[in-house]
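Just so it is clear, none of the values below were taken in a lab; they were calculated from the coordinates. None of the values given here were measured: they were computed from a predicted structure. Positions of Cβ are backbone-derived with ideal geometry, glycine not excepted, and every protein chain shown enters the neighbour counts.
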Ligand code: GLU
């Protein structure tokens, strides 16, 4: 098990410092980039039952970097929340936003509760009180700090946050942009739910398209037929599995979850597994799979790609030596400790870092925020215009050539882009462009030995350039 006393923030700093010498920035500026700018630690009371006592809740919001505004990052509900963890997650958001090219600083929030122990009504009271605290301390707003879902939270909580904010800030025109990851019908955006998992797949597909890179890890190019193991069947892990199978022809041969881990060398049907878990409450016993000895054992299976999609510090000094995967795609934030990374790199494993591979969520959050600020839907204005223009073009071509076309072919060629098309196109473009940026940075300096360091250098240089051009004032 991961060491409980391990400092996650120290781990992020360690990785930052490994990259710092290759950025060309001064020590003072590097320190400014590295530190957390504002830390809000809260203890607030919530009356959970009408006739009961109050419960005092511990919570945080950390803004790591204000070099771009607003700051951005999810809110986590978990008993493991502490200041160190939220600081680490907030700083990862800064580098993530820089790597993927969205114009935000990094932030993160955490509420120390076991969400499973409360009723929806109680969770609503906790969420609204936490939001009210953020409003009071000026730690939330479409131009200040914009939360989103993270471990233990989802669209439901985001709707409560938006409603609380808009009630307290009545009349604020852009109020809906105070939080992202909202339900689609409550100022959310289509394609946000699967965005992180979809981004993981796009990132993997991009990484696996370079022949000279894949050769180094004993792999051929392409995702088709490659084997994958996933730890965590939450939002990120489940969509990574579903999309990797459906769009990449990947075989998911192992799944690890809280209740146990399972293996099937012929490939696990993730859609059916999710249904099975909904009914039985467990992945264990899923037909056709073997149950392994413990809940992390699947992570040690021989596979091409391991996707840790749960929590931080899951691959650590204790189990790193037993991990056999050729590629580790960090769908979770901070799943590999720096000590474990050393072991894995020595063995010749490619670690695709969190700040890149799980950036799909914040990328689509950015689209949602833009949508909220524009008070419109992407594609609404041009969809019909594009469609009729292509229809005219097709008519002309058919007339000139005397050929025919099936209705399905016409539909394929002439449909205008709707919001989902545009969201996916934007996400794909972001993942591909960022990968090229990281790869170019890595190739340009032979001192850089791993992809995480390359991603840090790429991010830190961008943030540094912002500070250098803006200056420091007052
Ligand atoms: N919590 C997610 C992350 O760690 C999403 C953040 C966001 O959308 O702002 O990247």
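Applying 0.36 nm per residue to the separation of residue 382 and residue 84 and subtracting their alpha-carbon distance, the gain on full extension is 102.6 nm. Peptides 341-347, 50-56, 67-73 ranked from most to least packed, by the mean per-residue count of other Cβ atoms within 10 Å: 67-73, 341-347, 50-56. Using R0 = 41 Å, the C-beta based FRET efficiency linking residue 420 and residue 443 works out to 0.75.
Ordering of 146-155, 181-190 by packing is 146-155, 181-190, highest average first (other Cβ atoms within 10 Å, averaged per residue). For segment 359-458, the relative contact order works out to 28 percent when only alpha carbon pairs closer than 8 Å and six or more residues apart are counted.
Hey, what did segment 8-70 get for relative contact order, percent, Cα under 8 Å, at least 6 apart?
Details: 53 pairs, mean separation 18.2, N = 63.
In percent, rounded to a whole number, it is 29.
Between residue 322 and residue 137, what is 0.36 nm times their sequence separation minus the Cα-Cα distance? Round to one decimal in nm.
Numbers: separation 185, 0.36 × 185 = 66.60 nm, distance 4.65 nm.
Additional length available on full extension: 61.9 nm.
What does the helix-only formula give at 222 nm for the chain: each DSSP H stretch with n ≥ 4 adding -39500 (n - 2.57), the total divided by the residues, and the result rounded to the nearest 500 deg cm²/dmol? Before the final figure, lay out the partial values.
Details: 16 runs with 215 residues, N = 474.
Using -39500 (n - 2.57) per qualifying helix, the result is -14500 deg cm²/dmol.
Placing pseudo-labels 7 Å out from each Cα toward the beta carbon at residue 375 and residue 346 gives an inter-label distance of 6.1 nm. Between residue 468 and residue 212, the FRET efficiency from the beta-carbon distance, with R0 = 35 Å, is close to 0.55. Distance from the alpha carbon centroid of segment 27-65 to that of segment 112-130 works out to 16 angstrom.
For the peptides 441-452, 126-137, the ranking by packing is 126-137, 441-452, with the highest mean count of neighbouring Cβ atoms within 10 Å listed first. Using a cutoff of 8 angstrom between alpha carbon atoms and counting only pairs six or more residues apart, the relative contact order for the chain works out to 16 percent. With a Förster radius of 60 Å applied to the beta-carbon distance between residue 41 and residue 393, the computed FRET efficiency rounds to 0.50.
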